[in-house]
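*Asks:* Dropping a structure here in structure tokens format, bear with me for questions.
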Amino acid sequence: MSKTAFYIFLLTLLFPFTFFSQNKSCDQIIKTKITAESLKHKSEINFKKAQYFYIKQNWDSTLVYSMKQLSSTKKTELVDYCHLLRGISFRELKLFKQAEKEFLLISKKFIFYDYVNANLGFVYLELEEFKKAIYHYQKVVENTTTEYNNCSIESVYENLGTSFLHLDQFEKAEFYLLKNSELIQNRNDTLALIRSYFNIASLYYEQYKDAQAIPYFENAYKLSKKVTDFDTKRVAAKNMSVVEENKGNFKEALAYRKESEQWKDSLNNKNKIWAVADFEKKFAVAQKQKEIKVLQVENKLKNTQRNGFFFTAIGLLLLLTGGVYIYAQKVKSSKIILIQKNKLDELNATKDQLFSIVSHDLRSSVNALKTSNAKLSSSLETKNYDELNQLIVQNSGIANGTYSLLDNLLHWAMLQTKQLYFHKESVHLYSVVQQIEYNYKPLLLDKGITFENSVSKNIFIFVDLDSVKIVLRNLLDNAIKFSSEDGKISIYSENDTANSCQLIIRDNGIGMKPETIEALLSDSELLSKKQNSEIIGTGLGLQLCKQMIQKNDGQLNIESNLNKGTKMILTFPKTANNG
């Protein structure tokens, strides 16, 4: 690999710039002011709801209620706050063009206009419009009197340096990145200082100043030993691996690369352990609740027996009455125990069936990942970068598929144990579909699939937002999986009545047989059996979708023909008085 190509590889893969990092005190300032504004305008219910969901970081609901407020108010101050909330929400959802439009609608007299400029700088960095980003960040630097400026100047310097670096204006980039590093050293923030060293090192590497860049990499690596963040440790070790490889020290480079992989594995294990521990905790709570109920039944039985003994002392008649009462209670308790036993046997049978199917898929995925990792290690040693890239993409696909399976399994288990909380509210259907489309844009582009969102923008449905997102993600994922290259997927609404509407997800993929559709819609089995090539996976995702649609008072129907595509037809109740 040539040195120029090596630098490009290093900059694009190993030094991810943090374009927008905001001090916690800045967050608190913004939240405090918005909360105060909400209390000031108590009669504006929609603004109060938008402020509540913003504090809870529920961006979709923030967008809904801020839009409702904008349509019902002409107060300039509230209008600015609504556009600010919408801009932040779109930014967090990574819909940067929409965020730009909202921020540009805010008046320059707004109290937090420095914060608006900082957000616009971040948006333009993400859109790679670096000159525009520099313009807005310099506006923040010029105004040194605001409370927001004082708590955010470090990130502004960092992002200015990053912008100038992308424009190859190295002297200005160096000036701002060094100022950022100096401020961070003064407040002793190790993680931020490591990131600053990464940025400065990449600046010098871009100018072929290896002697100046390498000490920053080494210092960042030394500091990474003091932090607990696995991802920071991984990046620091990987940077050192590339540096040593560039020097020709391949033995040291391999040692650093192995250390990087170990930190990566530790990060993955930590996430898995957390998920399992959380599930075990919920399961333990459920078990304790069952034990409490059993103890309550036992205590009730003991009380009944004591009452029977008391009545025996009164007389024969009362003794007979007490005996009949005790016998009746025992029969009732026996029935309760029998019912509980039957339910437990049914749950155990369901669990065994689920484990037998899911474990097979997990074993296959883990085995594929194990085989691929062996090839990955071999490719690293031989420097076969083309094969290495293919293996990384393959590993990512396996990991994503396994994660989806585990995510569906967790939601299914919570649904079966009645631990999944449903909160129904008015949801803008077009916006939800638009968000799901954004999440799956990389998969659609990878297969060259055309996606069309023709859902009416006037429809609001009354459902639980999180469960509807799970349903749409599973169905869109299946549509992509069973569509051929250069296929087409359409999502549109029809049969729009006063009380309900239909959402259709249509693809032109491999389709299904009538008996397959009947099996998928049947409630007689937990999971679809793998009886033919057209059913891939456990079928758990579709079972989960069916139950969540029922929980939302909806219906699911399927229309399909072999080799002609499939239509998944979802019926949802509309919000009352929906226009």
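Coordinate-derived values only; no laboratory data. Just so you know, these numbers come straight off a predicted model, no measurement behind them. Using ideal geometry, Cβ is built from the backbone for each residue, glycine included, and neighbour counts are taken over all protein chains shown.
*Asks:* Whole-Hz Karplus ³J(HN,Hα) for segment 373-379, in order, using 6.51 cos²θ - 1.76 cosθ + 1.60 and θ = phi - 60°, x for Gly and Pro?
*Replies:* 5, 4, 5, 4, 4, 5, 5
*Asks:* Step through the residues of segment 210-219 one at a time and calculate ³J(HN,Hα) from phi using the Karplus curve (6.51 cos²θ - 1.76 cosθ + 1.60, θ = phi - 60°), rounding each to whole Hz and writing x for Gly and Pro.
*Replies:* Per-residue couplings from phi come out as 4, 4, 7, 6, 4, x, 5, 4, 5, 5 Hz.
*Asks:* Skipping prolines and chain starts, which residues have an amide H placed within reach, meaning under 5 Å, of the one on Ser500, given they are 5 or more residues away or on another chain?
*Replies:* The answer is Lys574.
*Asks:* Take the cross-link list Lys441/Lys564; Lys258/Lys370; Lys424/Lys481; Lys101/Lys139; Lys33/Lys132 and give me the ones stretching past 21 Å between alpha-carbons. Mind dumping the intermediate values first?
*Replies:* Working: Lys441/Lys564 23 Å; Lys258/Lys370 16 Å; Lys424/Lys481 30 Å; Lys101/Lys139 19 Å; Lys33/Lys132 28 Å.
Exceeds cut-off: Lys441/Lys564; Lys424/Lys481; Lys33/Lys132.
*Asks:* Highest first, please rank the peptides 98-107, 253-262, 69-78, 36-45 by the mean number of other Cβ atoms sitting within 10 Å of their residues.
*Replies:* Numbers: 98-107: 19.0, 253-262: 17.5, 69-78: 14.8, 36-45: 13.2.
My ranking of the peptides, most packed first, is 98-107, 253-262, 69-78, 36-45.
*Asks:* Tell me, what HN-Hα J-couplings in whole Hz come from the Karplus equation 6.51 cos²θ - 1.76 cosθ + 1.60 at θ = phi - 60° for each residue of segment 473-488, using x for Gly and Pro?
*Replies:* 4, 5, 5, 5, 4, 5, 4, 5, 4, 9, 9, 7, 4, 6, x, 9
*Asks:* Which shape class applies to segment 428-475: rounded if a/c is under 1.5, otherwise prolate when a/b exceeds b/c and oblate if not, where a ≥ b ≥ c are the square roots of the Cα gyration tensor eigenvalues? Spell out each step's value before the answer.
*Replies:* On the way: a/c = 3.07, a/b = 1.60, b/c = 1.92.
Because a/c hits 1.5 or more and a/b fails to exceed b/c, segment 428-475 counts as oblate.
*Asks:* Could you please rank Asp386, Asp446, Asp507, placing first whichever residue has the fewest other Cβ atoms within 10 Å of its Cβ?
*Replies:* Numbers: Asp386 8, Asp446 12, Asp507 26.
Starting with the residue having the fewest Cβ neighbours, the order is Asp386, Asp446, Asp507.
*Asks:* Which of the peptides 375-382, 289-296 is most tightly packed, and how do the rest follow, going by the mean number of other Cβ atoms within 10 Å of each residue?
*Replies:* Values: 375-382: 14.6, 289-296: 10.9.
Per-residue mean Cβ counts within 10 Å order the peptides as 375-382, 289-296.
*Asks:* I've got another one for you. If you rank His136, His423 by fewest surrounding Cβ atoms within 10 Å, what's the result?
*Replies:* Values: His136 23, His423 10.
The order, fewest Cβ neighbours first, is His423, His136.
*Asks:* Right, another one. Hey, how much of the P(r) for segment 81-209 falls beyond 27 Å, as a percent of Cα pairs?
*Replies:* When all Cα pairs of segment 81-209 are counted, 20 percent exceed 27 Å.
*Asks:* Moving to a separate point now. Under a 5 Å amide H to amide H cut-off, with H placed in plane at 1.01 Å, what residues pair with Val463 once short-range neighbours are removed?
*Replies:* Sorted by chain and number, the residues that satisfy this are Glu425, Val427.
*Asks:* For a quick check: with amide H placed at 1.01 Å from N, whose amide H comes under 5 Å from Lys75's, ignoring anything fewer than 5 positions away on the same chain?
*Replies:* The answer is none.
*Asks:* If the cut-off is 26 Å between C-alpha atoms, which lysines fall inside it for Lys302, apart from same-chain ones fewer than 8 positions away?
*Replies:* In chain and number order, the partners are Lys288, Lys290, Lys293, Lys330, Lys332, Lys335, Lys341, Lys343.
*Asks:* How long are the three semi-axes of the equivalent ellipsoid of segment 424-573, in whole Å, if each is the root of 5 times an eigenvalue of the C-alpha gyration tensor, listed from largest down? Before the final figure, lay out each step's value.
*Replies:* Numbers: eigenvalues 107, 75, 36 Å².
Equivalent ellipsoid semi-axes, largest first: 23, 19, 13 Å.
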